[in-house]
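Colleague: Attaching a single structure in structure tokens format; questions to follow.
The values are calculated or read from the model by the stated rules, or taken from the named source; none is laboratory data. Quantities reported herein were computed from a predicted structural model and do not represent experimental measurements. In this analysis, Cβ positions are derived from the backbone assuming ideal geometry, glycine residues included, and neighbour counts consider all displayed protein chains.
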Amino acid sequence: MPLATTRAASPPPDAPALKKQRANTIRLNVGGKLFQTTTESLAKAEYFDPVLSGRIGHTVDASGAFFIDRCGGLFAIILQWLRTYDRPSQSVLTKHGDALLEECIYYGVTTLPQVIRGELAPSFYLKAEDRVMLEEEEEARSNRCSSKLLLDVHAVDVTPRARTLLEQPFVLDRADRPLPVVDFQTFYARLNDFSAGVLAELRGIPNLVFAGGGVLAALTNGRSNDIDIFLTCDPNDGEKRLRDIYAGIQRVQAKRKKKQRFMATRSKCAVTFFLSSVPSDTPPIQVITSTHASTLDVILDFDVLRI
């Protein structure tokens, strides 16, 4: 018995000849819930392959629609995935994750379970505009002279979005939404206060890039465990830049009413300065000892502020 299909009505004899591609639509009744889709969408699930090819028969309801005695609500989610490969919202995955996995096994859908378990590369189900951003990032990685990623966060739309629109469930349902500051001056003043004045003191030193959690903390009025400084200079100039930073922090320390020594520690990857006579929540200043060719080398992995 062939699948219940619907074809577009034939045009009248006197109608002009138009080249139109007719879509084969299939009617399905899944647990009492009616659907209409195409063979192309259903063919992406192994369950329908032998039916579509005519190798096995199937049952129909009173109207002739293909009948499957499964949950129609879960099938709706699976069918939407087969149509668009758009990732279901996190609320749907949280509510139906285990049941969806069972239905995916039944219908022979292999990619959606990988999404549910977090095994599939995020680029597979990015929206079109986000995929463009990813492609630009890949281009920047191969072309270090590119400036596409150097964007002004205060000149773009930062309107809060609904969590269901986020591609990745990084924002917890009960967490407060971080809101960025509205202008650069406020952001700069906040980061300078956060660093106990170190930012302003080091501003005249070339080739320094503030990056990482400290920048994000100042941007969103949050906190960070440290403030990272990267060097974008020739390796031969790296030691001079480090000494300049050391002298700048000495000047900051000397301005304190209660003059005390500060501590500097050295590891394989960084030199870290711990200031004294500063607010207790002032994080240490960490200078990464490896040098970078440009700001772009850093910006591919961090949110930055160049001074």
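Colleague: Kindly provide the set of residues from segment 62-96 that are of a type outside the set (Val, Ile, Thr), assigned to a helix (DSSP H, G or I) and under 23 Å from Ala43 (Cα atoms), ordered by number. Let's see the steps before the verdict.
Modeller: The first filter runs over segment 62-96 and keeps only residues of a type outside the set (Val, Ile, Thr), leaving 62-67, 69-76, 79-83, 85-91, 93, 95-96.
Within this subset, residues satisfying the condition of being assigned to a helix (DSSP H, G or I) are 72-76, 79-83, 90-91, 93, 95-96.
If the condition is that a residue be of a type outside the set (Val, Ile, Thr), assigned to a helix (DSSP H, G or I) and under 23 Å from Ala43 (Cα atoms), then Gly72, Gly73, Leu74, Phe75, Ala76, Leu79, Gln80, Trp81, Leu82, Arg83 are the ones that fit.
Colleague: Would you mind finding the one in Thr289, Thr232 that is assigned by TED's automatic domain parsing to the domain that holds Arg177, surrounded by 13 or more Cβ atoms within 10 Å (Cβ to Cβ), out of contact with any helix residue (DSSP H, G or I) (no Cβ under 6 Å at 6 or more places or on another chain) and not basic (Lys, Arg)? Don't jump to the end; show me each part of the working.
Modeller: Working: Thr232 fails: out of contact with any helix residue (DSSP H, G or I) (no Cβ under 6 Å at 6 or more places or on another chain).
One residue alone meets the criteria, Thr289.
Colleague: Another question about this same structure. Just to check your reading of the model, which residue among Arg177, Arg223, Arg190 is surrounded by fewer than 20 Cβ atoms within 10 Å (Cβ to Cβ) and at pLDDT 85 or above? Walk me through it before giving the result.
Modeller: Working: Arg177 fails: at pLDDT 85 or above; Arg223 fails: at pLDDT 85 or above.
Only one candidate qualifies: Arg190.
Colleague: In this structure, is Ile249 assigned by TED's automatic domain parsing to the domain that holds Ala200, among the β-branched types (Val, Ile, Thr), surrounded by 11 or more Cβ atoms within 10 Å (Cβ to Cβ) and modelled with pLDDT of 90 or more? Break it down stepwise before answering.
Modeller: Working: assigned by TED's automatic domain parsing to the domain that holds Ala200: yes; among the β-branched types (Val, Ile, Thr): yes; surrounded by 11 or more Cβ atoms within 10 Å (Cβ to Cβ): yes; modelled with pLDDT of 90 or more: yes.
Taking the combined requirement at face value, the residue satisfies it.
Colleague: Moving on to the next point. Provide a single number: the residues in segment 50-92 that are under 30 Å from Glu129 (Cα atoms) and charged (D, E, K, R). Full working, then the answer.
Modeller: As a first pass, look at segment 50-92 and keep what is under 30 Å from Glu129 (Cα atoms): 73-92.
Restricting the remaining residues to those that are charged (D, E, K, R) gives 83, 86-87.
Selection size over segment 50-92: 3.
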